[in-house]
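Undergrad: Below is the structure I would like to discuss, written out as structure tokens.
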Amino acid sequence: MSTGPQEILLVTGMSGAGKSTVLKTLEDLGWETVDNLPLPLLDRLLAAPEPVGAGEPRPLAVGFGARTRDFAPERIIARAEALRAEQGHDVGMLFLDCAGAELERRYAETRRRHPLALDRPARDGIAHERELLALLRRWANRLVDTTALSSHTLARRIRESFAREGVSEPTLRVMSFGFSRGLPLDADLVFDMRFLRNPHWVPELRPGTGLDAEVAAYVADDIAYPEAIGRIEELLALLVPRYRAEGKAYITVAIGCTGGRHRSVHVADRLGRWLQDRGFSPTVVHRDLGAAPQDSLEGAPVRP
């Protein structure tokens, strides 16, 4: 059960202005989101136990509009102020506005009827809804006009404003694998380590893996290793924050060699530690580490 103050964002605004996009983006950022919840039920939601394994309470976004059951702007504002004063919650309201002409265009383009003008022109419903929401628009402490914003631009603006440390971080995974056993289907970035000399062809190293110090030292002693790994690290330093800024929930960096036991394992382990040292929280997975070494998979030996 939630035991302390919680960040709560009430999301409302004109129909067609982007509420669904905002709630989906917040959900991707790790927020708990609920749409069309009557505000009298908010206390019950806050009192409900967190899902099993959820950890600390997440920020909560509640979407509603003029057609939400029991919609009454005065009562909504009073309830929000009471949540602040009586329970200490950090309650804010995001109002999504949009010019009437643009809303008309969006409804015409999608061939949808305005929810408040099912048997009349969309402009009538837009005008009526604007009157119903006027008090909430004045009370809201965040206003976004989406008239000139695409869905992508709106989502990016929401990510910039509402990403929360510890909640909105992507799940970062570094995986070693063997090309002989197939590419990982969920890889976002793939780096091929088959240019490095292969410990498989050194009899005393063959039984080991890239996690063994002797194997790691052999791989790292390749003349191409320092520059190649340094450039991969520079690329990750550039791309991982960019993926995070674009709201990507999962990032998989795949490091491959022939069999997936030596070179890729060492490099994946090194990159995992390098990312951790720079404030990321990667999970390192060695997909094919348990596979038996096999000469026919490794190809012909190449002299260093």
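Undergrad: For the range 151-212, state which trypsin sites (Lys or Arg not before Pro) are in a DSSP loop and have at most 16 other beta carbons lying within 10 Å of their beta carbon. Could you put the intermediate results ahead of the total?
TA: Numbers: sites: R156, R157, R159, R164, R173, R181, R194, R197; in loops: R164, R194, R197.
Filter output for the range 151-212: R164, R194.
Undergrad: Further question on the same structure: For helix 122-139, what angle does its Cα long axis make with the longest principal axis of the chain, in degrees from 0 to 90 and rounded to 10?
TA: Long axis of 122-139 versus the principal axis of the chain: about 80 degrees.
Undergrad: Now for a separate question. Would you kindly compute the Cα radius of gyration of the chain and its largest Cα-Cα separation (Dmax), both in Å?
TA: Expressed in Å, the Cα Rg and Dmax of the chain come to 26.7, 82.
Undergrad: Moving on. Sorted by packing (mean other beta-carbon atoms within 10 Å per residue), highest first, where do 276-283, 15-22 land?
TA: Values: 276-283: 12.9, 15-22: 22.1.
Highest to lowest by the protection proxy: 15-22, 276-283.
Undergrad: Only sites in a loop by DSSP and with at most 13 other Cβ atoms within 10 Å count here; which trypsin sites (Lys or Arg not before Pro) in the range 53-113 make the cut?
TA: Values: sites: R67, R69, R75, R79, R84, R105, R106, R111, R112, R113; in loops: R67, R69, R111, R112, R113.
Filter output for the range 53-113: R67, R69, R111, R112.
Undergrad: Could you sort 230-243, 29-42 so that the peptide with the highest average Cβ count within 10 Å comes first and the rest follow in order?
TA: On the way: 230-243: 14.0, 29-42: 17.4.
The densest-packed peptide leads the list: 29-42, 230-243.
Undergrad: For helix 19-28, what angle does its Cα long axis make with the longest principal axis of the chain, in degrees from 0 to 90 and rounded to 10?
TA: The two axes meet at around 30 degrees.
Undergrad: Where nothing but the Cβ of Lys and Arg (+1) and of Asp and Glu (-1) is charged, how large is the charge dipole of the chain around its Cα centre, in debye to the nearest 20?
TA: Values: 40 positive and 42 negative charges, 174 e Å.
Roughly 840 debye for the chain.
Undergrad: Give me the accessible area per residue for the chain, probe 1.4 Å, as a whole number in Å².
TA: Each residue of the chain exposes 53 Å² on average to a 1.4 Å probe.
Undergrad: If you take the square roots of the eigenvalues of the alpha-carbon gyration tensor of the range 1-131 and sort them as a ≥ b ≥ c, do you get rounded (a/c under 1.5), prolate (a/b over b/c) or oblate?
TA: prolate
The values are calculated or read from the model by the stated rules, or taken from the named source; none is laboratory data. Computed from a predicted structure; not experimentally measured. Neighbour counts run over all protein chains shown; Cβ positions are idealised from the backbone, glycine included. The protein model used for the area step is the full one, side chains on, heavy atoms only, and it has no ligands, DNA or RNA in it. Shrake-Rupley method; radii C 1.70, N 1.55, O 1.52, S 1.80 Å.
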